[in-house]
Amino acid sequence: MTGHRTPSLPISGACNCGAVRFEINTDISDIYVCHCSICRRSTGSNGIAVIVIDNTAFRWTAGEDSIATWKKPDVDWQTWFCRCCGSPLPGANDAERTFVPAGLLLEGSESLSVKHHIFVDSKADWDEIGDIGCQHPGAFGS
């Protein structure tokens, strides 16, 4: 038994400086880690760990005016970040869902575990995956 507890709802999150804040009003459990070269360059690390939730379970509580975005030309990829501290922020996963960088959660992360690694064929040579999450060569489901 891992001792995981279900966090109380809503779950709050914030950027590094606290200018941008949000709430999640649904149970969360699965982390997806993207290892693609675009996410690596965006974060400066081995990729990005996110949870994916329905849009209806997400709401901004402060700092929407501090959100900046950048879309990579000629690619279906966009990032959202705090214009004050540069922290990656939640953004559109698709029309129905929002991705939330897992490191932004102020509580509730004790219930999370990595379930999927995506774009593993693109991971950095120095990146070693050390958990039991399912590894996908490309996008989720591939």
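Count Lys and Arg as plus one, Asp and Glu as minus one, and take only other residues whose Cβ is under 14 Å from that of residue 21; the net charge is then -3.
Computed over protein heavy atoms with a 1.4 Å probe, the accessible surface of the stretch 42-94 works out to 57 Å² per residue. Using the average count of surrounding beta-carbon atoms within 10 Å as a protection proxy, the listed peptides 63-70, 26-33, 97-104 rank, highest first, as 97-104, 26-33, 63-70. Computed over the chain, the per-residue total of -39500 (n - 2.57) for DSSP H runs of n ≥ 4 gives a 222 nm mean residue ellipticity of -1000 deg cm²/dmol, rounded to 500.
Counting charges near residue 89 (Lys, Arg +1; Asp, Glu -1) among other residues having Cβ under 13 Å from its Cβ returns a value of 0. Close amide H contacts of residue 26 (hydrogens built in the peptide plane, cut-off under 5 Å, sequence separation of 5 or more or a different chain): 11. Remark on residue 117: its backbone amide H falls under 5 Å from those of 33, 134, 135, 136, a criterion applied only to residues 5 or more positions apart or on other chains, H modelled at 1.01 Å from N. From the Cα gyration tensor of the chain, with a ≥ b ≥ c the square roots of its eigenvalues, which class applies: rounded if a/c is under 1.5, or else prolate if a/b is larger than b/c, or else oblate? Oblate is the answer for the chain, as a/c is 1.5 or above yet b/c matches or exceeds a/b.
Sorted by average packing, counted as other Cβ atoms within 10 angstrom per residue and highest first, what order do 76-85, 116-125 take?
On the way: 76-85: 15.1, 116-125: 17.4.
Those peptides, ordered most packed to least, come out 116-125, 76-85.
Rounded to the nearest 0.05, the FRET efficiency derived from the C-beta distance between residue 64 and residue 37 at R0 = 25 Å is 0.25.
Only Lys, Arg, Asp and Glu carry charge here, each on its Cβ (+1 for the first two, -1 for the last two); on that basis the stretch 73-142 has a dipole of about 200 debye about its Cα centre.
In the chain, carbon and sulfur make up what percent of the accessible area (probe 1.4 Å)?
Numbers: 3930 of 8070 Å².
Whole-percent figure for carbon plus sulfur exposure: 49.
The values are calculated or read from the model by the stated rules, or taken from the named source; none is laboratory data. Since we're looking at a predicted model, the values are computed, not measured. Cβ: placed from backbone, ideal geometry, glycine included. Neighbour counts: every protein chain shown. The accessibility values were calculated without ligands, DNA or RNA, using every heavy atom of the protein model including side chains. Shrake-Rupley method; radii C 1.70, N 1.55, O 1.52, S 1.80 Å.
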